[in-house]
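S.K.: Sharing a structure here in structure tokens format.
The values are calculated or read from the model by the stated rules, or taken from the named source; none is laboratory data. Source: prediction; values computed, not measured. Ideal geometry is used to build each Cβ from the backbone, glycine not excepted, and the neighbour counts take in all protein chains shown. Accessible surface is based on the protein model in full, side chains and every heavy atom, while ligands, DNA and RNA are left aside. Shrake-Rupley method; radii C 1.70, N 1.55, O 1.52, S 1.80 Å.
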Amino acid sequence: MDWRGRRQSRNIEDRRGQPLQGSGGGAGLLLLLRLLPWLLRSRVGRVVLAVGVMAFVGARLLGIDLLQLTSAPGQQTASFSAEEQQLAEFVSVVLADTEHTWQAIFAEQGMSYEEPVLVLFSQRVASACGTASSAVGPFYCPADRRVYLDLSFFRDLDRQLGAPGDFAQAYVVAHEVGHHIQTILGISHQVRNAGRGKSAAVVNALSVRQELQADCFAGVWGHAAGNYRDMLEPGDLEEALQAAAAIGDDRLQKRSGGEVVPDSFTHGTSAQRVEWFRRGFESGDMAQCDTFSAQL
Ligand SMILES: [Zn+2]
């Protein structure tokens, strides 16, 4: 892929090398709560509180997260290899490009696209869907509308699953963004409702269709990246198809203590996954991604 020097996303939340999210900020909050009665009692305390709140809000407006700054001083970036930093940059460029693609598609339909946040983590992460370890693989959490990714997954994709190449990695990101699209369009909600009270087989069949649609949406992104922004190089499509076919290893089905339901990559046959990715890729049209009324 031709990705270097392109725009990076502002929606990357880098939690690599950090303690489980919220723990540092949580301690700060606890301290504040303890001090609160004292602060409210005195006039000086109230002024201090007001200034503090304004500083916090002001910093937020400027895009600085004070809780993160205080919870993990100097832990970011320092310990990462050049290779891993490059991978993080790559993911950021791919995410930015999905934003570009989906903004354009949504705009065509008179809608605005709400961009997802992508959380980079290492080993364990806390999400609104529960805590998860890297073993679950990348996943999307509808409750906080974030994609969670441990970059080590790409190493496994290459070495264990036999799907090397940057476009294979980009496909993984685009697939997770596909779940975000399903969430903001209400598709995921409909799928959940349709499966309520139904047999495991019905729920599973719905889940297959949902996964295949995310593949198709990933293909729609690939179409735009290749045709409108010239990001693809010879062999890239094959890389993505290889990844679509390869991801199905049990590694992805492993649960981390049953906390987070992992992205069900394993559902849908390799052939189906390849077919639906290709369908989105060739048409660039999300209307072609109606896996729910298609005959599988
Ligand atoms: Zn998925």
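S.K.: Check the range 89-110 and report whether any residue there is within 20 Å of LEU20 (Cα to Cα) and either open to solvent by less than 10 Å² (accessible area, probe 1.4 Å) or away from the ligand (no atom under 16 Å from the Cβ) (or both). Break it down stepwise before answering.
M.R.: Within the range 89-110, the subset within 20 Å of LEU20 (Cα to Cα) is none.
No, the range 89-110 contains no residue that is within 20 Å of LEU20 (Cα to Cα) and either open to solvent by less than 10 Å² (accessible area, probe 1.4 Å) or away from the ligand (no atom under 16 Å from the Cβ) (or both).
S.K.: If you don't mind, there's one more thing I want to ask. For the range 129-150, name all the residues that are assigned to a loop (DSSP other than H, G, I, E, B), over 14 Å from ARG15 (Cβ atoms) and more than 14 Å from the ligand (Cβ to nearest atom).
M.R.: ALA143, ARG145
S.K.: Which of (1) part of a helix (DSSP H, G or I); (2) away from the ligand (no atom under 12 Å from the Cβ); (3) surrounded by fewer than 19 Cβ atoms within 10 Å (Cβ to Cβ) is the odd one out, the single condition THR183 does not satisfy?
M.R.: (2)
S.K.: Let me ask something additional. Based on what the data block shows, is GLY162 on the phi > 0 side of the Ramachandran plot, at pLDDT 95 or above and more than 15 Å from the ligand (Cβ to nearest atom)?
M.R.: On the way: on the phi > 0 side of the Ramachandran plot: yes; at pLDDT 95 or above: no; more than 15 Å from the ligand (Cβ to nearest atom): yes.
No.
S.K.: Right, another one. Answer yes if at least one residue in the range 205-225 is surrounded by fewer than 18 Cβ atoms within 10 Å (Cβ to Cβ), out of contact with any Ser or Thr (no Cβ under 8 Å at 6 or more places or on another chain) and modelled with pLDDT of 90 or more, and no otherwise.
M.R.: Looking through the range 205-225, none of the residues is surrounded by fewer than 18 Cβ atoms within 10 Å (Cβ to Cβ), out of contact with any Ser or Thr (no Cβ under 8 Å at 6 or more places or on another chain) and modelled with pLDDT of 90 or more.
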